[in-house]
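Asks: Sharing a structure here in structure tokens format.
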Amino acid sequence: MSKKPIILGIESSCDETAAAVVKDDNKVPKILSNVVSSQVDIHKEFGGVVPELAARAHLEKIDLITKKALKESGLKLKDIDAVAVTAGPGLVVCLTVGLSFGKSLAMSLGKPFIAVNHLEGHALSPKLISEIKYPYLLLLISGGHTQFLNVIGLGKYKRLGTTIDDALGEAFDKTAKLINIDFPGGPKIEKYAQLGDCKKFNLPKPIINRGGCNFSFAGLKTAVLRISHNIKTKKDKYDLAASFQKTIEDILYIKTKIALREFKKNNKSKKNNFVIAGGVASNKSIRNMFNNLCNEENFKPVFPPIELCSDNAAMIAMVGIEKYKKKKFDPLNYPVKPRWQLDESASFMKGSGLKF
């Protein structure tokens, strides 16, 4: 077995078709290529991702994207030591495309196949840029997930908090849609917010004083819906975007403070690292808030580069490297897992009637 394995990573959990080649190194792995094909133009007119269209686009592009990743890496298929593919969570039809392709590739090459949890990719993404040691606290904030996790080690996670309804990225996109901002709206909300008055609208902060470090964003979204009926000018849009983003920052500040202290209480680590990953981690205003909070609580904030925050295959290959070194390979009949928690013991939190 190679001392420095080279892993081909493949990602197709939602609306990005991605492939990457990553080589293990003594300290920090080397990303030899990381190719991502977005489907924004395909889904824009629908205001959100249409699973069937996404799967069709994956089918059309996955071979081309993989070839491009190999070409950019300067390697051939024979140089790859294993194929790591996202098996879940995500959209079934999209996951199936990448998983089937990756299995076929591994079988034809006679190389190990590694099924990867998409969330574990985000969890281990800081290892692509730093020598971060376990344990560390992770806040995953993306279009489909919002949760605090104690990252204890490869395959070892303890969930400290999650959303009981909408994911944070989903709340951003839905708010954008309500005030007629084109999909994907999250990044544009940030730009609108810079031009608005964050004190113009008083928005709710659901379960802010209960539920530990769990989140709820549905009530906030409903409030935005009610206000959006009276939005008449561009300035109103800017003000609502600014008020929404400031409310999100306030919620994140309070809930994260609870999570940081919970992590510190249960971990006697000399260095307290706090990783913020996922698409929403690209928001500069939110990053600034986390930097200030970490300074207050004596934590080191760790943000993956922007290109590694959103869905990508380099993070999938990163997990593949870790699993390869431990000989954690998977059979070619490994199933798609549309719902796949990192903390298998954590209870499912979504739905009305939840009590804290």
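Asks: Quick query: amide H of Asn273 versus all other amide H atoms, modeled in the peptide plane; which residues come in under 5 Å with a sequence gap of 5 or more or a different chain?
Replies: So Asn273 has HN proximity to Leu137, Lys300.
Asks: Loop only by DSSP, 14 or fewer other Cβ within 10 Å of the Cβ. Give me the trypsin sites (Lys or Arg not before Pro) in the range 4-57 that pass, ordered by residue number.
Replies: Hits after loop and neighbour filter: Lys27.
Asks: If you don't mind, there's one more thing I want to ask. Enumerate by residue number the GluC sites (Glu not before Pro) in the range 261-356 meeting two conditions: DSSP loop (anything except H, G, I, E, B), and at most 12 other Cβ atoms within 10 Å of the site's Cβ. Present the calculation step by step, with values, prior to reporting the outcome.
Replies: On the way: sites: Glu262, Glu296, Glu297, Glu307, Glu322, Glu344; in loops: Glu344.
Qualifying residues, ordered by number: Glu344.
Asks: For helix 92-109, what angle does its Cα long axis make with the longest principal axis of the chain, in degrees from 0 to 90 and rounded to 10?
Replies: The helix 92-109 is inclined about 20 degrees to the chain.
Asks: May I ask you to sort Leu195, Leu160, Leu293 by Cβ crowding, counting other Cβ atoms within 10 Å and putting the fewest first?
Replies: Values: Leu195 13, Leu160 24, Leu293 19.
Placing the least packed residue first, the sequence is Leu195, Leu293, Leu160.
Asks: To the nearest 10 degrees, how steep is helix 168-178 against the longest Cα principal axis of the chain, on a 0 to 90 scale?
Replies: 60
Asks: Taking other Cβ within 10 Å of each residue's Cβ, how do Val224, Val85 sort, fewest first?
Replies: Values: Val224 25, Val85 29.
Least to most surrounded, the residues fall as Val224, Val85.
Asks: At what distance in angstrom do the alpha carbon centres of the range 69-99 and the range 272-334 lie from each other?
Replies: First find each Cα centre; the distance between them is then 19 Å.
Asks: One-quarter of the Cα convex hull surface for the chain, in nm²? Could the numbers behind the result be given before it?
Replies: Working: hull surface 70.9 nm².
One quarter of the hull surface, i.e. the mean projection, equals 17.7 nm².
Asks: Next question, about the same structure. Out of the GluC sites (Glu not before Pro) in the range 104-177, which ones are loop residues according to DSSP with at most 12 other C-beta atoms within 10 Å?
Replies: Details: sites: Glu120, Glu131, Glu170; in loops: Glu131.
Listed in order of number, the matching sites are Glu131.
Asks: What number, rounded to the nearest 500 deg cm²/dmol, is the helix-based mean residue ellipticity at 222 nm of the chain, given -39500 (n - 2.57) per DSSP H run of at least four residues and division by all its residues? Let's see the in-between values first.
Replies: Numbers: 11 runs with 145 residues, N = 356.
That comes out to -13000 deg cm²/dmol.
Asks: Same structure, new question: For the chain, take the longest principal axis of its alpha carbons; what is the angle in degrees between that and the long axis of helix 284-297, to the nearest 10 within 0 to 90?
Replies: It is inclined by approximately 90 degrees.
Asks: May I pose another question? Using a 10 Å cut-off around each Cβ, can you sort Met318, Met289, Met107 from fewest to most neighbouring Cβ atoms? Intermediate values should be presented prior to the final figure.
Replies: Numbers: Met318 29, Met289 18, Met107 12.
The order, fewest Cβ neighbours first, is Met107, Met289, Met318.
Asks: May I pose another question? Ranking request for peptides 244-251, 6-13: highest mean number of other beta-carbon atoms within 10 Å first, then the rest in descending order. Spell out each step's value before the answer.
Replies: Details: 244-251: 21.8, 6-13: 29.9.
The densest-packed peptide leads the list: 6-13, 244-251.
Values in this text are rule-based calculations from the coordinates and carry no lab data. Since the model is a prediction, treat every value here as computed from it, not as a measurement. Because the Cβ atoms are built from the backbone with ideal geometry, glycine has one as well, and the counts that use them run over all protein chains shown.
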